[in-house]
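Participant: Have a look at this one before I ask anything.
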Amino acid sequence: MTRLERNVNIAAVVIPFLGVIAAAALLWNHFLGPRDVAIFAVMYILTAGGVTVGFHRLLTHRAFQTHPWLRYTLAVLGSMSLQGAVIDWVADHRKHHTFTDEEGDPHSPHAGRGAGLRGALAGLWHAHVGWLFETHGQASSKRFAPDLVEDPIMRRINKGFPLLALLSLALPFLLGFALSGGSLVGGGLSALLWAGLVRIFLVHHITWSINSICHFFGSRRFDTDDESTNVFWLALPSLGEAWHHNHHAFPQSAFHGLRWYELDPSGWLILGLERAGLAWDVVKVSTESAEAKLKRGTVSV
């Protein structure tokens, strides 16, 4: 990783965090309104969904197929989450599945972190944030994401990541400015703070929690060779990604929530796209497949 890449990642972690501190101080003085909440919600769902449905389930695992225009739109929205350029993200994640919780996994909290409390804390730090300064974006795209490398439009989206990062901040500012009747402070800057920096901070840390918390704490029921877990309280904010053990048991499944009560908004969106004719070849886990992979002594699904 170059010094520039490391510094950019540091800025991407620190600046939204400073935004959260500023937001907390301003909230104390009631600097938050329904307009900011609405813009925040829209930007959160669009950019987080761009990661969960686009980067992850569509581009990384090919859990369903869709039209090129929707494929590229999801790639753009995922890029606006500021988690890295699309091809780098996909290559990192495919490498994670190739070496899950073993040497070579870009963000395992277990591999090479040592034993005891100190090793556990070091592993959690690495999986959550530390890997961004060491192994982030270092997976070979030619090896792990050749299908995206060969796509000229996807390469253009990948190269345009810095502009998409700026758009991710400019869009909430412009929406807030326009919807407030041209107010710079009460409209544009307020939306930039909440729907820009605070939203990026939350999407970042909820996503990174899948790398750290969902490989350390939680429940397991399938026979897998890794340390992945399901964490129910992260399910809604992660848009269903926190059923991470289910995902590692069936990586290509479009649905991570495999039981009726396992809330999976990303899966619901894919189901909606399928019913609207915008998604097809949607991969689903049969009851028989789930039963066959259960660990001994586990209650059936």
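Participant: For Arg6 and Phe232, what does the FRET efficiency come to when R0 = 30 Å and r is the distance between their Cβ atoms, rounded to the nearest 0.05?
Facilitator: Values: r = 35 Å, r/R0 = 1.16.
After rounding to 0.05, the efficiency reads 0.30.
Participant: Charges at C-beta only: +1 for Lys and Arg, -1 for Asp and Glu. How large is the resulting dipole of the chain about its Cα centre, in Debye rounded to 20? Working shown, then result.
Facilitator: Numbers: 24 positive and 23 negative charges, 71 e Å.
Around 340 debye, computed over the chain.
Participant: Let me ask you something else. Quickly work out the Arg143-to-Leu202 label distance, labels modelled 7 Å from Cα along the C-beta direction, and quote it in nm with one decimal.
Facilitator: 3.8 nm
Participant: Still on this model: Pulled fully out, how much extra length does the chain show between Ala292 and Leu278, if you take 0.36 nm times their separation in residues and subtract their Cα-Cα distance?
Facilitator: Gain in length upon complete extension: 1.9 nm.
Participant: Specify which labelled value, from (i) 49; (ii) 53; (iii) 64, agrees with percent of Cα pairs over 24 Å apart derived from the coordinates of the model shown.
Facilitator: (ii)
Participant: At 222 nm, what value in deg cm²/dmol follows for the chain if DSSP H runs of at least 4 each add -39500 (n - 2.57) and the sum is divided by all its residues, to the nearest 500? Let's see the in-between values first.
Facilitator: Values: 13 runs with 152 residues, N = 301.
Computed ellipticity for the chain at 222 nm equals -15500 deg cm²/dmol.
Participant: Please compute the modelled spin-label separation between Ala22 and Leu184, points set 7 Å along Cα→Cβ, answer in nm with one decimal.
Facilitator: That separation, rounded to one decimal, is 1.4 nm.
Participant: Quick one: among His110, His67, His205, which has the greatest mean-square fluctuation in a GNM of the chain with alpha-carbon springs under 10 angstrom?
Facilitator: His67
Participant: Roughly speaking, what is the stretch gain from His67 to Leu174, that is 0.36 nm per residue apart minus the C-alpha to C-alpha distance, in nm to one decimal? Don't skip to the end; give the middle numbers.
Facilitator: Values: separation 107, 0.36 × 107 = 38.52 nm, distance 2.93 nm.
Extra length available between His67 and Leu174 comes to 35.6 nm.
Participant: Please name whichever of Trp268, Val231, Gly119 sits farthest to the positive end of the charge dipole of the chain, dipole taken about the Cα centre and charges placed at Cβ: Lys and Arg +1, Asp and Glu -1.
Facilitator: So the residue furthest toward the plus end is Trp268.
Participant: Kindly write out, for segment 223-232 in residue order, the coupling ³J(HN,Hα) from the Karplus curve 6.51 cos²θ - 1.76 cosθ + 1.60 (θ = phi - 60°), rounded to whole Hz, with x marking Gly and Pro.
Facilitator: 7, 10, 9, 9, 10, 5, 9, 9, 10, 4
Since every read-out is calculated from the coordinates, none of them should be taken as a lab result. This one's a predicted model, so the numbers in the text were calculated from it and none came from an experiment. Please note: Cβ atoms are built from the backbone with ideal geometry, for glycine as well, and neighbour counts cover all protein chains shown.
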